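A short worksheet on the structure shown next.
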Amino acid sequence: MEAIWGTDYDPSTDTLYRRPMCPECMDGIAKVEDGEYHCFRCQGIVYVTDPEMKEWFSLREQTLTEMGYCFSCGQKDSMERHFRKNPVTLEWQLAYGKCKYCGTRFL
């Protein structure tokens, strides 16, 4: 299946935006651990060959990791916080984290 352009919704900005989607389910796709793009809904492999789609993903697949203060145990530089780019604004936003000292996690 070849990816097509569709419309998705970002709740953090209350915005509709254009994104590559699965042609069968009309749901979003993302690159997973095997290096292929898979549909969120049907889990089928979706091929991304359009250069504009490849650029769209390359801007949004970047991640950032920081160490910080744990809100649970109070240890300094023990909370590993992971950031992803917002698909609309491309600004960094906190996604999830885990304390390496006490094991507290958040989404």
Problem - Count of residues meeting criterion [exposed (fewer than 15 other Cβ atoms within 10 Å of the Cβ) and more than 26 Å from GLY35 (Cα to Cα)] in region 76-100 - result: 3
Fill in the blank from the handout: Residue pairs qualifying under the 6 Å Cβ cut-off, at least six apart or on distinct chains, with the first in region 62-77 being farther than 14 Å from LEU94 by Cα and the second being assigned to a loop (DSSP other than H, G, I, E, B) and of a type in the set (Phe, Trp, Tyr), are CYS73/TYR101; GLN75/TYR101; LYS76/TYR69
Handout entry: Flag for MET1 being among the aliphatic types (A, V, I, L, M), within 18 Å of LEU90 (Cβ to Cβ) and touching a strand residue (DSSP E or B) at 6+ places or on another chain (Cβ under 8 Å)
Key = no
Handout entry: Selected residue (only one of CYS22, CYS39 is of a type outside the set (Val, Ile, Thr), touching a Gly at 6+ places or on another chain (Cβ under 7 Å), at pLDDT 95 or above and over 21 Å from LEU94 (Cα atoms))
Key = CYS22
Practice task
At least 2 residues that are of a type in the set (A, V, I, L, M) in each: list the strands (runs of 3 or more DSSP E) lying fully within the chain that qualify.
Solution key: 15-21, 29-31, 63-68, 92-99
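Condition check ((1) at positive phi; (2) in contact with a helix residue (DSSP H, G or I) (Cβ under 9 Å, 6 or more places away or on another chain); (3) of a type in the set (Asp, Glu)) across all residues:
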| site | (1), (2), (3) |
| --- | --- |
| ALA3 | no, yes, no |
| ASP8 | no, no, yes |
| ARG18 | no, yes, no |
| GLY35 | yes, no, no |
| CYS39 | no, no, no |
| TYR47 | no, no, no |
| GLU52 | no, no, yes |
Handout entry: Residue in region 1-22 that is farthest from ILE45 (Cα to Cα), counting only those that are of a type in the set (Val, Ile, Thr) and free of Cβ contacts under 8 Å to residues at least 40 places away in the same chain
Key = THR7
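The values are calculated or read from the model by the stated rules, or taken from the named source; none is laboratory data. Values in this document were obtained by computation on a predicted structure and should not be read as measured data. Heads up, the Cβs are rebuilt from the backbone with ideal geometry, glycines too, and the neighbour counts pull from every protein chain shown.
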